[in-house]
Each structure stands twice: as C-alpha cells, then as structure tokens.
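Below is one structure, written out as structure tokens; the observations come after it.
The values are calculated or read from the model by the stated rules, or taken from the named source; none is laboratory data. None of the values given here were measured: they were computed from a predicted structure. When we count neighbours, we look across all protein chains shown, and the Cβ atoms used for this are built from the backbone with ideal geometry, even at glycine. Remember, those area values only see protein heavy atoms, side chains included, never the ligands or the DNA or RNA. Shrake-Rupley method; radii C 1.70, N 1.55, O 1.52, S 1.80 Å.
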Amino acid sequence: MTESPSPFARPAPFAALKLAPHPDWPTERQRAFLHMLLHTGDVRTAAASIGASAHAVTCFRKYLGRRSAFSRAWRRAVEEAEADALATRVLRRGGLDSAQLARVDAACHGMAKARLALALAHRAKRAAKGFG
C-alpha cells in the first residue's frame, strides 16, 4: 500500500521549468539559485549559496534577456518571497504563535500565504465589529 501525499506538501519550485542550458550555468545551478531566491528574497544570499556573486548572476540574467524563463522565474521568486515576508508579519500581528506560524509555513508560501493572512485579518476585523 502506498502512502498518499500530504495535502500540505508543496511541489518542488521550478522543477518543471525549461531553463536554457549554458556551460557556466547548468540548469541545476540555475534552479538552486532560484530556489534560494524564493526562500530568501535576497539576490546576494542566493548567489552566494551557489558560489557566485550577485553581479555574475545579474549579468547572466541580462545575457539571457528579460523574457527568458530564468528572468521570469527570478521575478516570480522575488515577488513570492516578498509576499511571504509580508504575510508572516501580518500573521504575527494577528496573534499566531510560533507553532501556528510553523504550520502555516509548512502548508503554503508566498502569495498563498498572503491570501491566508488577508483572510484571517478580515475575519478578525469582522469579529471585532461584532459580525463574527
């Protein structure tokens, strides 16, 4: 009997992305950078995690062009990381303790987490007004 996957399991980000192979930037290295960028939102930290400088990664992105899969994924990763950070702040203000926040982090990231934070904030506001 096989176990069914957890409903909270997140798919590996950028796994199915068709990245342009390059001798200095193998697709696995590109994916590793994008994955770290998704979780940190910081180009310098993500670049350091793959042994590159932020300048080198930025030059590679410019070399590929704005419409490349790598550039689009870069933008998406930064947007998701920013949404995740904002949602974490909203959820902390809403009174979630660290254990509850850890469960939310395991369940969703980025925009999904932001939508959850907004829904919880809206619910709390309605409850405070007596519409609970």
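Here the chain is treated as an ellipsoid with the same Cα gyration tensor; its semi-axes, largest first and in whole Å, are 34, 18, 13.
Distance between Cα centroids, the stretch 15-80 to the stretch 102-132: provide it in whole Å. Centre-to-centre distance over Cα atoms comes out at 31 Å.
Taking a straight Cα-Cα cut-off under 30 Å and skipping sequence neighbours fewer than 8 places away in the same chain, the lysines within cross-link reach of residue 125 are 113. Considering only alpha-carbon pairs that sit under 8 angstrom and 6 or more positions apart, the relative contact order computed for the chain is 22 percent. Return the carbon/sulfur percentage of the accessible area of the chain, one whole number, probe 1.4 Å, all protein chains in place. Carbon and sulfur atoms account for 57 percent of the accessible area of the chain. In terms of its C-alpha gyration tensor, the stretch 33-80 has an oblate overall shape, because the principal axis ratio a/c (a ≥ b ≥ c, square roots of the eigenvalues) is not below 1.5 and a/b does not outweigh b/c. Here the contact order of the stretch 55-117, divided by its residue count and restricted to Cα pairs under 8 Å and six or more residues apart, works out to 35 percent. For the chain, build the charge dipole from Cβ charges (+1 Lys, Arg; -1 Asp, Glu) around the Cα centre, then report which of 74, 116, 21 sits farthest towards its positive end. Ranked along the dipole, the leading option is 116. Label-to-label distance, residue 68 versus residue 93, with points set 7 angstrom from Cα along the beta-carbon direction: 3.8 nm. Surface exposure of the stretch 93-132, expressed per residue as accessible area with a 1.4 Å probe, stands at 72 Å².
Ligands, DNA and RNA aside, residue 86 has an accessible area near 90 Å² when probed at 1.4 Å.
Site pair residue 48 and residue 112 shows an inter-label distance of 3.0 nm when each label is modelled 7 Å from Cα along Cα→Cβ.
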